[in-house]
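Student: Just passing along the structure, written as structure tokens.
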Amino acid sequence: MSLEQWLQTGGLLRHEPTVAEIRQLLEVVDRDIRDANATPLSADCRFNLAYNAGLQLCAIALHATGFKAAKGGGHHHITINALDLCLGASFKDTKIYLSQCSRLRSQGIYDRVGVVQERDASELLSTVTNLWRDVHQWLQDNHPELC
């Protein structure tokens, strides 16, 4: 689905981002990445922190592009699945991976303990750390007014 199609269906809203908003979201990302690197935390906690950092990076890209996900059912899905629409086709694999992580996170939060393994948390944290770098560069290259 395109950003315009999500806008038409009500999944997205037009949004005018501010420097303060982007900085605050980046602070959330920085905190969550830092905390996900802390020990001793369970793999579940580290995974949840890394997931949230990734979700916020996707939201930053969406906001900078002039949209935000409408709150309610499915806003994580839309925020994550807009990543490659905002940053470009080279982020399709990252989008797919974050979508898979969203399902794993949901199982770990709502269904049972032990769904997430240490390797899952480490892999997600590595992916999100790389995405953090990419989003920073993308902002500088495409939306320097928000940096």
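Student: So what is the calculated 222 nm ellipticity per residue for the chain, using -39500 (n - 2.57) for each DSSP H run with n of 4 or more, over all residues, to the nearest 500 deg cm²/dmol?
Tutor: -23000 deg cm²/dmol, from helical runs alone.
Student: Sequence-distant or interchain residues sharing an amide H contact under 5 Å with Phe67, placed H: which?
Tutor: The answer is His15.
Student: Using only the alpha-carbon atoms, how far is helix 92-110 inclined from the longest principal axis of the chain? Give it as 0 to 90 degrees, nearest 10.
Tutor: 50 degrees
Student: If you average the alpha carbon positions of the range 2-33 and of the range 53-71, how far apart do those two centres end up, in angstrom?
Tutor: Result: 3 Å between the Cα centres.
Student: Taking the 0 to 90 degree range and rounding to the nearest ten, how far is the long axis of helix 43-64 tilted relative to the main principal axis of the chain, both from C-alpha atoms?
Tutor: 0 degrees
Student: Scan around Leu12 for amide H atoms under 5 Å from its own, H built in the peptide plane at 1.01 Å from N, and keep only partners 5 or more places away or cross-chain.
Tutor: Leu7, Ala70
Student: Then there's this: Can you give the convex hull volume of the alpha carbon atoms of the range 3-146 per residue, in Å³?
Tutor: So the per-residue Cα hull volume is 99 Å³.
Student: So, one more: Using Cα-Cα distances under 8 Å and only pairs 6 or more residues apart, what relative contact order does the range 1-101 have, in percent?
Tutor: Value for the range 1-101: 30 percent.
Student: What is the magnitude of the charge dipole of the chain about its Cα centre, with +1 placed on the Cβ of each Lys and Arg, -1 on the Cβ of each Asp and Glu, and no other charges, expressed in debye to the nearest 20?
Tutor: Once rounded to the nearest 20, the dipole reads 280 debye.
Every number in this text was worked out from the coordinates using simple rules, so none of it is lab data. Because the structure is predicted, anything quoted here is derived from the model rather than measured. Note that each Cβ is placed from the backbone with ideal geometry, even for glycine, and that neighbours are counted across all protein chains shown.
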